[in-house]
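A.B. asks: Following this message is one structure expressed as structure tokens.
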Amino acid sequence: MGISGEVAARTITLGLAAVTLTLLSPSAWSNSEGDALYALRRSLSDPKNVLLSWDPTLVNPCTWFHITCNQENRVTRLDLGNSNLSGHLVPDLGKLEHLQYLELYKNNIQGTIPTELGNLKNLISLDLYNNNFSGSIPSSLGKMKSLVFLRLNGNKLSGRIPRELSGVSTLKVVDVSNNDLCGTFPTSGSFEHIPLNK
């Protein structure tokens, strides 16, 4: 093979390598969990750089700090409590369908709680306490049929406690104290046996 043939062969090899890398990149592979988490990163101010490792060019987010995954590389925990974060939550979090623990307590996150969080059917613990969330508690949280711990205390939430939450039979702890809630508290369903902090 002449020099021109070798160059052509190398060009083809490099071209195939580039195509392979493109196919493996997250933009082509479309890792919805990584995309959802990176959308959250973009919506938050992070003065302590706790999200510095959240690199969208990696194949999946399981190597990022504060993220825990299961054996199938699906995100099961998001641990960002007491991290000096501000900003707001994004609806994209509702795409983390294997998430079991959403820990965002003791930050300065504001805005409303996305109704899309109700899509997190495997969520066990939702800890958003001691932030600056406002608006109402979404009734969609009543779709979280695995939820055990719901701590929303120390925010600026208003309105009523959604009656839909009384249908979550797994609930053991509900803390909605230190908000601007009004109306009566549910006493039926799962709320019959919960020591409600109000």
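A.B. asks: Taking Thr76 as the residue in question, decide whether it is in contact with a strand residue (DSSP E or B) (Cβ under 7 Å, 6 or more places away or on another chain), touching a residue at least 24 places away in the same chain (Cβ under 8 Å), hydroxyl-bearing (Ser, Thr, Tyr) and closer than 23 Å to Ser32 by Cα. Even if it seems obvious, please write down each step before you answer.
C.D. replies: Details: in contact with a strand residue (DSSP E or B) (Cβ under 7 Å, 6 or more places away or on another chain): yes; touching a residue at least 24 places away in the same chain (Cβ under 8 Å): yes; hydroxyl-bearing (Ser, Thr, Tyr): yes; closer than 23 Å to Ser32 by Cα: yes.
Against the criterion (in contact with a strand residue (DSSP E or B) (Cβ under 7 Å, 6 or more places away or on another chain), touching a residue at least 24 places away in the same chain (Cβ under 8 Å), hydroxyl-bearing (Ser, Thr, Tyr) and closer than 23 Å to Ser32 by Cα), Thr76 qualifies.
A.B. asks: Any idea which of Lys172, Lys106 is under 16 Å from the mean Cα position of the chain (by Cα) and open to solvent by 70 Å² or more (accessible area, probe 1.4 Å)?
C.D. replies: Values: Lys172 fails: under 16 Å from the mean Cα position of the chain (by Cα).
Exactly one of Lys172, Lys106 is under 16 Å from the mean Cα position of the chain (by Cα) and open to solvent by 70 Å² or more (accessible area, probe 1.4 Å), namely Lys106.
A.B. asks: Going residue by residue through segment 153-161, is there one that turns out to be buried (at least 16 other Cβ atoms within 10 Å of the Cβ), under 17 Å from Leu44 (Cβ atoms) and either in contact with an Asp or Glu (Cβ under 7 Å, 6 or more places away or on another chain) or among the charged types (D, E, K, R) (or both)?
C.D. replies: At the first step, the residues of segment 153-161 found to be buried (at least 16 other Cβ atoms within 10 Å of the Cβ) are 153-155, 157, 161.
If we keep only those that are under 17 Å from Leu44 (Cβ atoms) too, we end up with 155.
Filter again for either in contact with an Asp or Glu (Cβ under 7 Å, 6 or more places away or on another chain) or among the charged types (D, E, K, R) (or both), leaving none.
No; the residues of segment 153-161 include none that is buried (at least 16 other Cβ atoms within 10 Å of the Cβ), under 17 Å from Leu44 (Cβ atoms) and either in contact with an Asp or Glu (Cβ under 7 Å, 6 or more places away or on another chain) or among the charged types (D, E, K, R) (or both).
A.B. asks: Now a separate question. Just to be sure I understand the filter: pairs with C-beta atoms under 8 Å, separated by 6 or more residues or on different chains, first member in segment 132-157 and charged (D, E, K, R), second member open to solvent by less than 20 Å² (accessible area, probe 1.4 Å) and part of a helix (DSSP H, G or I). Which pairs pass?
C.D. replies: Going by the 8 Å Cβ cut-off, the qualifying pairs are Lys143/Gly118.
A.B. asks: Right, something else. Regarding segment 157-167, can at least one residue be identified that is of a type in the set (Gly, Ala, Ser) and modelled with pLDDT of 95 or more?
C.D. replies: Yes, segment 157-167 has at least one match.
A.B. asks: Would you pick out the residues in segment 67-91 that are open to solvent by less than 50 Å² (accessible area, probe 1.4 Å) and among the β-branched types (Val, Ile, Thr)?
C.D. replies: Passing the criteria: Ile67, Val75, Thr76, Val90.
The values are calculated or read from the model by the stated rules, or taken from the named source; none is laboratory data. Because the structure is predicted, anything quoted here is derived from the model rather than measured. Every residue, glycine as well, gets a Cβ built from its backbone with ideal geometry; the counts of neighbours run over all protein chains shown. Keep in mind that these areas ignore ligands, DNA and RNA; they rest on the heavy atoms of the full protein, side chains included. Shrake-Rupley method; radii C 1.70, N 1.55, O 1.52, S 1.80 Å.
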